[in-house]
Amino acid sequence: MTVILYVFSLLLVAAAVFLLVIGIWNLLGHFWGEVRDEKASLLTSLRVVGLRHLGALNRGIMWPSYEANMRRKLITAGDPSGFRPEEIMALQEVSAVFFALGGAVVLNAMQGSFFWCFAFALFGVWFPLQWVDDQIKKRHFLITRALPYNLDLLTLSVEAGLDFTGALNKVVEKGKAGPLRDEFMLVLKQLKMGKTREEALKNLITRVNLPALTSFVSALIQADKMGTSIGKVLRIQSTQLRIERSQRAEKLANEAPVKMLFPLIACIFPTVFLVLFGPIVFAMTYGDSMG
């Protein structure tokens, strides 16, 4: 009887292992099928599919405030790489594990305390968030640089007799490629879909969240409500924007000497002193003994 139970137990264990292997094989096959369906390089496809599956697991543990804040940041950043909030959380998890393992290897080689692995893991959690913030700053910088040219083109189009929608369409056609042109294209699509000008412009403010653009768009909304000529408002805003840009350039030019002070003192002055006074110090120290 004992032998029969033993054999029966072995058969159950073998069946469980077989089913587990079949399940893992099917999951890997499904995963690899999704990787092949992605029209990108192998590494990019693995990253996209892996983060998608890991992000799906994070939906149950992601708190609403994190999701709302991250979704707003991703919209402001222009949806970089098509990431969603749960995928950013997955990226934080992967980054934390990667930096913790890397820190463990470094600390093992240096015979340091493995308590610092926790600090490496925290850095890994912070790094994707900083990457999102950097994408926002980069996009804001590109929009700020493109705003004067596009605003001038919009002003000229309105003063030439076009309505706001026609002028915006002209800016989209003739404007330089970039995030600001993409945003204007989205505003134009919303206007064609039936949204009011105020709704489309307020959506633009919410998406971009840039003070310079917010001031310009708010003036347009106010002019539309008050019945003021849009051409005059655009001309005033264009002039004001160029004055602010000139003032910002002067401010950066005045800050340049201060920023150059540290590398000048830390890097250039020691080298100059070494070249000038090195031979004198050498002669005073070893001159008599050599003589």
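A short reminder: the numbers here are calculations on the coordinates, not readings from a lab. A quick note: this is a predicted structure, and the numbers were derived from the prediction, not measured. Every residue, glycine among them, receives a Cβ derived from its backbone with ideal geometry; neighbour counts consider all protein chains shown.
Contour minus end-to-end for F98 and M185, with contour as 0.36 nm per residue of separation and end-to-end as the Cα-Cα distance?
27.4 nm
Rounded to the nearest 0.05, what FRET efficiency is calculated for K192 and F262 with R0 set to 41 Å and r the Cβ-Cβ distance?
The formula returns an efficiency of 0.15 here.
For a label point 7 angstrom out from the Cα of L57 toward its Cβ, which stretches of the range 97-138 have the backbone nitrogen within less than 13 Å?
97
Provide the net charge surrounding F141, with neighbours chosen by a C-beta distance below 12 Å and charges set as Lys +1, Arg +1, Asp -1, Glu -1.
Net local charge, F141 excluded: +4.
What does the charge count around K174 come to, taking other residues whose C-beta lies under 12 Å from its C-beta (Lys +1, Arg +1, Asp -1, Glu -1)?
Residues close to K174 contribute a combined charge of +1.
Pop the C-beta distance of L107 and Q130 into the FRET formula with R0 = 22 Å and round what comes out to the nearest 0.05.
Calculated value: 0.45.
Relative to the present Cα-Cα distance, how much length would full extension add between Y149 and S65 at 0.36 nm per residue of separation?
26.5 nm is the gain from fully extending Y149 to S65.
Could you pull out which residues in the range 217-248 have an amide N less than 20 Å from a spot 7 Å beyond the Cα of E255, following the Cα-Cβ vector?
Once the point is set 7 Å along Cα→Cβ of E255, 241-248 turn out to lie under 20 Å by backbone N, inside the range 217-248.
What ³J(HN,Hα) values, in whole Hz, does the Karplus curve 6.51 cos²θ - 1.76 cosθ + 1.60 give for the range 62-68 when θ = phi - 60°, with x put for Gly and Pro?
Each residue's phi maps through the Karplus curve to give 7, 7, x, 5, 4, 4, 5 Hz.
Between L162 and A177, what length in nm is gained on full extension when 0.36 nm per residue of separation is reduced by their alpha carbon distance?
Taking 0.36 nm per residue and subtracting the Cα distance, the gain is 3.2 nm.
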